[in-house]
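Here the structure is laid out as structure tokens; the discussion comes afterwards.
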Amino acid sequence: MLGMGLGFQVPVILIVLVKLRVLDYKLLARARPYVILINLTLSAILTPPDLVSQIMMAIPLQLMYELTVLLAWFFTRKSKFTQQIQ
């Protein structure tokens, strides 16, 4: 349960890094294959050895990562738009 809780905090940390302009959506999109591998590996380590539990952890983690990439794109686009207006 602790591993799942920590896994759900990763998107929050990534969004904070995007807002601080340490990361951008392009970097997050390029890292997608590595994140998939990390999610599957962590799911295999942190869950019981049955496939259903591993999938039930890996899929939400990956969906949250994809949502993070989408939000990063939105925040980057929004900041560029506000810079053009000023």
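We did not get these values from a lab; they are worked out from the coordinates using the rules stated. Remember, it's a predicted structure, so these values are computed and weren't measured experimentally. Here the Cβ positions follow ideal geometry from the backbone for every residue, glycine too, while neighbour counts run over all protein chains shown.
Things worth noting here:
- Residue among S43, G7, Y65 farthest towards the positive dipole end of the chain, charges placed on Cβ: Y65
- When the alpha carbon gyration tensor of the chain is reduced to an equivalent ellipsoid, its three semi-axes come out at 30, 11, 9 angstrom, largest first.
- Each Lys and Arg Cβ is given +1 and each Asp and Glu Cβ -1; about its Cα centre, the chain then shows a dipole of about 540 debye.
- Rounded to the nearest 10 degrees, the angle from helix 32-46 to the longest Cα principal axis of the chain is 30 degrees.
- Cα gyration tensor shape of the stretch 1-49, rounded if a/c is under 1.5, else prolate or oblate by comparing a/b with b/c: oblate
- Length gained on full extension, L2 to V16: 2.9 nm, using 0.36 nm per residue less the C-alpha separation.
- Residues whose placed amide H lies under 5 Å from that of L23, excluding near-sequence neighbours: V18
- Mean projection area, nm², convex hull over Cα of the stretch 32-79: 3.3
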